[in-house]
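Report on the following structure.
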Amino acid sequence: MTQGNQSKIVHPAQRLHGHLKQPPGDKSISHRLAMLAAVAAGESVIHNFLPAEDCVSTLRAMEALGARTFFADDGALHIHGTGGKILEPAGPLDLGNSGTSIRLLAGLLAGFPVTVEMTGDESLRGRPMSRIKEPLEKMGATVDLLGPNNCAPVRIKGGNLQGLEYTLPVASAQVKSCILLAALGAQGDTVVIEPRPTRDHTERLLQALGIPLTVEGLRITLHGLGAKGLPLTARHWTIPGDFSSAAFWLVAAAAQPGANVKIDRVGLNPRRTALLNVLQRMGAHVAVTPQKELGAEPIGAISVQGAALKATTVAHDEIPCLIDELPLVAVAGALAEGDTIIRDAAELRVKETDRIAAMVANLRQLGVEAEEREDGMIVHGPAKLKVAGGVRSYGDHRIAMAMSVLALFAPEPVCINNIACVDTSYPAFWSDLKILGGHAE
Ligand code: S3P
């Protein structure tokens, strides 16, 4: 959690309008490429790497483990990989607020004969880690959870892993990716079975790097390379725009009749874009134009024209494919006619904060009727927004930005507190708001 208590006043905005030509690089892909390039042989060059706090946490960790990295004058990130070795760092690695860093890195490290301790901020030290301990220990690693309630710090003692067949108890791309990265260094095949489809960036990147990985429905098989080590080779990559960052503007424009926003070069991985289907069901005018694929990912331009929205229900298989956009679905629900229902989303309770409790409290703070459910919420729209006081970010970047989007629709300026957390995933959020005609100070 980013510390500090800076706040922003977000002003009401009429008719957002404009074109974002280069949205920030995808956060999930930035993490994964930083890790893979750091253990590859040679120098990888990564364009549009997301220079946000979470991804910088991964980069710093990879440096402590032996990689060398620098940003060139053209903004590209250069990573000199270790060629399949890991240095044992002098002290614990601090992964800040980043669940993706700690969970994926735990998997990668488990494949090496090293002992490494990882920790993070107060939010990260409150998030569940048994979900990675169980499969990694079944593969032969030792994973000690040193914090209270099976939380970080996490100490990994890796090496000599065996493949396993594992059905994920929760639909989590982080846990899936943790196991696949561990499987790279294991003897034999590892099979991961997902209960529901989750984002598949790791699978796509590993396949692009020539790793023997096959996908049949929800069953992923990776043939481990064991003691032969990782034969990853360096290469050039360009990271697509982050759909989850674009989503703030898609929702802001979709709910505002007269608004018109276009965003280019956005990642369109089908396991990330369920929000587009949800917005279309709600009556939004959304058009997608495919553009030339980047790396292993489909991309395109998304245009949205504002409309009066109607409520919808979001549940089942849709949830993992818009897990990070659910605070925004709640915002859209507040602006739509009828009751918007979010179900099957208990995972929201263990994100950077409890996003169900945080969103319901914040919506009420702006005069929206909303009810908390164990696995989701019901939002009664359309709300007549009123500003009774400030809203709280709870130190969670996505809560801060989702509430900033709702604030654009309020009758008067809204103060959002503890706003520095936005830098966790989207440092350019405020400048992009300005490009689209919004105003915050
Ligand atoms: C991520 C997966 C999701 C998501 C997170 C990033 C990833 O978490 O919420 O922001 O990069 O794999 P879970 O897979 O644990 O739901």
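The values are calculated or read from the model by the stated rules, or taken from the named source; none is laboratory data. Given the structure is predicted, the values throughout are model-derived calculations rather than measurements. Glycine also receives a Cβ, built like all others from the backbone with ideal geometry; neighbour counts cover every protein chain displayed. Accessible surface areas use protein heavy atoms only, side chains included; no ligands, DNA or RNA. Shrake-Rupley method; radii C 1.70, N 1.55, O 1.52, S 1.80 Å.
Take the conditions open to solvent by 10 Å² or more (accessible area, probe 1.4 Å) and within 16 Å of the ligand (Cβ to nearest atom) and apply them to residue 214. Does it pass?
Judged against the criteria, residue 214 is not a match.
Okay, residues lined up against (1) among the aliphatic types (A, V, I, L, M); (2) at positive phi; (3) surrounded by fewer than 16 Cβ atoms within 10 Å (Cβ to Cβ):
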residue	(1), (2), (3)
307	yes, no, no
311	yes, no, no
323	yes, no, no
347	no, no, no
368	yes, no, no
373	no, no, yes
>> Let me confirm something: among 39, 10, which residue is assigned by TED's automatic domain parsing to the domain that holds residue 246, surrounded by 23 or more Cβ atoms within 10 Å (Cβ to Cβ) and more than 16 Å from the ligand (Cβ to nearest atom)?
In response: 10
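Please pick out the residue among 119, 100 that is open to solvent by 10 Å² or more (accessible area, probe 1.4 Å), within 14 Å of the ligand (Cβ to nearest atom) and closer than 26 Å to residue 396 by Cβ. Steps first, please.
Numbers: 119 fails: within 14 Å of the ligand (Cβ to nearest atom).
Answer to the check: 100.
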> Which residue pairs have Cβ atoms closer than 8 Å, lie 6 or more positions apart in sequence or on different chains, and pair a first residue in the stretch 273-289 that is open to solvent by 10 Å² or more (accessible area, probe 1.4 Å) with a second residue that is acidic (Asp, Glu)?
Replying inline: 277/318
> Are there any helices (runs of 4 or more DSSP H) wholly within the stretch 183-282 with 3 or more residues that are within 30 Å of residue 41 (Cα to Cα), and if so which?
Replying inline: 201-208
>> Could you check the stretch 42-66 and list, in sequence order, the residues that are small (Gly, Ala, Ser) and either assigned by TED's automatic domain parsing to the domain that holds residue 423 or crowded, with 23+ Cβ neighbours inside 10 Å (or both)?
In response: 44, 52, 57, 61
> Residues 235, 219, 204: which one is open to solvent by 50 Å² or more (accessible area, probe 1.4 Å) and touching an Asp or Glu at 6+ places or on another chain (Cβ under 7 Å)?
Replying inline: 204
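Confirm whether residue 87 is open to solvent by 10 Å² or more (accessible area, probe 1.4 Å), of a type in the set (A, V, I, L, M), away from the ligand (no atom under 16 Å from the Cβ) and farther than 26 Å from residue 172 by Cβ. Walk me through it before giving the result.
Numbers: open to solvent by 10 Å² or more (accessible area, probe 1.4 Å): yes; of a type in the set (A, V, I, L, M): yes; away from the ligand (no atom under 16 Å from the Cβ): yes; farther than 26 Å from residue 172 by Cβ: yes.
Criteria met by residue 87.
Going by the structure shown, is residue 426 of a type outside the set (Asp, Glu), within 28 Å of residue 95 (Cβ to Cβ), open to solvent by 10 Å² or more (accessible area, probe 1.4 Å) and not in a helix (DSSP H, G or I)? Even if it seems obvious, please write down each step before you answer.
Numbers: of a type outside the set (Asp, Glu): yes; within 28 Å of residue 95 (Cβ to Cβ): yes; open to solvent by 10 Å² or more (accessible area, probe 1.4 Å): no; not in a helix (DSSP H, G or I): yes.
So residue 426 does not fit the description; no.
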> How about the stretch 379-413: which of its residues are open to solvent by less than 10 Å² (accessible area, probe 1.4 Å), without any contact (Cβ under 8 Å) to a residue 40 or more places away in the chain and not in a loop (DSSP other than H, G, I, E, B)?
Replying inline: 391, 400
